[in-house]
1. Evaluated at 25 °C with a viscosity of 0.890 mPa s, what Stokes-Einstein diffusion coefficient in µm²/s does chain A have when Rh comes from the Kirkwood expression over alpha-carbon pairs?
2. Could you order A:Met164, B:Met81, B:Met51 by accessible surface area, starting with the largest, using a probe radius of 1.4 Å?
3. What do you get for Rg/Rh of region B:2-97 when both radii come from the Cα atoms and Rh is the Kirkwood radius?
4. For region B:90-178, which trypsin sites (Lys or Arg not before Pro) are both in a DSSP coil and crowded by at most 14 other Cβ atoms within 10 Å?
5. How well do other chains shield peptide A:69-78, expressed as the mean number of their Cβ atoms within 10 Å of each residue Cβ?
6. With N residues in the protein assembly as shown, what two-decimal value do you get for its Cα radius of gyration over 2.2 N^0.38 Å?
7. Under a 1.4 angstrom probe, counting protein chains only, how are A:His159, B:His101 ranked by accessible area, largest first?
8. Sequence gap at least 6, Cα distance under 8 Å: using those rules, report the relative contact order of chain A to the nearest whole percent.
Amino acid sequence: MKKKWAFLFDIFLTFFKIAPITFGGGYAMIPVIEREAVEKKEWLKQEEVTDLFALAGSIPGAIAINSATFIGYRIAGVAGAIAATIGVMIPTFAIVVCLSIFYLYFQDHPKVEAAFEGIRPAVVALIVFAAYKMRKGAVVDKTTFVVAALSVILLLFLHVHPVMMIALGAVAGILLISLKDKLGIETKVDDHKQNTDYFMGADI
Amino acid sequence: MLWLLFKTFFITGLVSFGGGYAIIPVIEAEVVKYGWMSTQKFTDIIAIAGMSPGPIATNTAVFIGYQMAGIAGAVVSALAMVLPSLLLVLLVALFFYKLNHNRIVQSAFYGLRPIVIGLIVFAAVKFALSNGLMNSISLHTFSLLAIFAVSLFSLIKRNAHPAYVIVMAGLIGMAFYS
């Protein structure tokens, strides 16, 4: 019993230490998690971890947190999953709360207001950059290009709710592929292997 | 309030395929619906979430939770955001280990991925509009567009780190807009 708690604490601590050093979105955490889990702790083999990351990216949510949950589960069951998830979340959580407090205090300060005036267009650039980085894995043929273009039109002009849009996308994918299969058009749907630097959950 | 935060971010967590910036319109739709804050203030929060370590979507949820209901709000939002993922990971780990090789699942993602791009482009257009990037022909608009262009250039061509771009833009803002 005591041993189990010690192991769970070790899992918690490992992921706790990974989190704060990964600036710039969850995706930056992946190589660090890999190094810790495979090389240092030898919890998993290299192939296993690659599969895990691909799978973690297919599940909604941040890929880094999902990977932590997955690894925790693989090595110590549900308790391990929870230990890893909480471990990976606490440091970033604490930092964000501190920044929130900071922001609440200083948001009306003229210098801070001026800084944000300059930051806002940069954020738009960051978002455009995210789309730019993801386009290769997502827009793979004419069909997906049309789907992407249509979704922008639906969102902008018909005000379709984003949650609805996501559901529509999944249904459209299934319908389109079954239609293409019937018509005998071959479509590559599994691109995880071709785009190793791209995951669904890659939050830059 | 706490229940509302939980509900909002639980749904957000459930649909956050693509993570990060794709999820911004989802959160924004809810935030505006409940009148929690303006799109402009929301942009500021995205900037801070992007500068902080860790996933942007979760950071944004924590930030909004804290603004709306203090530390309890932040905790509830973070948990609500991660709970659907946790449950799904366990479910997949238990039953669908070969999930990624299932053709129906692959087909769904074939349709989902371009939607993720659509959502990100939508977020960019909305933010550009609400932050005065396309409003009028003035020196001010021009300067904002210049910051946008230089930021995008450094990200794509110079491989600049996002946090670095935000900090630089903040310094430029401080120098020119105050």
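1. Values: Rh = 19.8 Å.
Using the Kirkwood radius from Cα pairs, D works out to 124 µm²/s.
2. Working: A:Met164 105, B:Met81 10, B:Met51 50 Å².
Highest to lowest solvent-accessible surface, that is A:Met164, B:Met51, B:Met81.
3. Numbers: Rg = 13.2 Å, Rh = 13.4 Å.
Rg/Rh: 0.99.
4. On the way: sites: B:Lys98, B:Arg103, B:Lys126, B:Lys157, B:Arg158; in loops: B:Lys98, B:Lys157, B:Arg158.
Loop-located and lightly packed - B:Lys98, B:Lys157, B:Arg158.
5. Details: counts 8, 4, 0, 3, 6, 1, 0, 0, 2, 4.
Mean partner shielding for this stretch: 3.
6. Details: Rg = 20.4 Å, N = 382, 2.2 N^0.38 = 21.1 Å.
In units of the 2.2 N^0.38 Å rule of thumb, it is 0.97.
7. Numbers: A:His159 140, B:His101 110 Å².
Ranked from most to least accessible, the order is A:His159, B:His101.
8. Numbers: 156 pairs, mean separation 55.4, N = 204.
Value for chain A: 27 percent.
The values are calculated or read from the model by the stated rules, or taken from the named source; none is laboratory data. Quick caveat, the model's predicted, so the values are computed rather than measured. All Cβ positions, glycine included, derive from the backbone under ideal geometry; neighbour counts span all protein chains shown. To get the accessible areas, we keep the full protein, side chains included, count just its heavy atoms, and leave off ligands, DNA and RNA. Shrake-Rupley method; radii C 1.70, N 1.55, O 1.52, S 1.80 Å.
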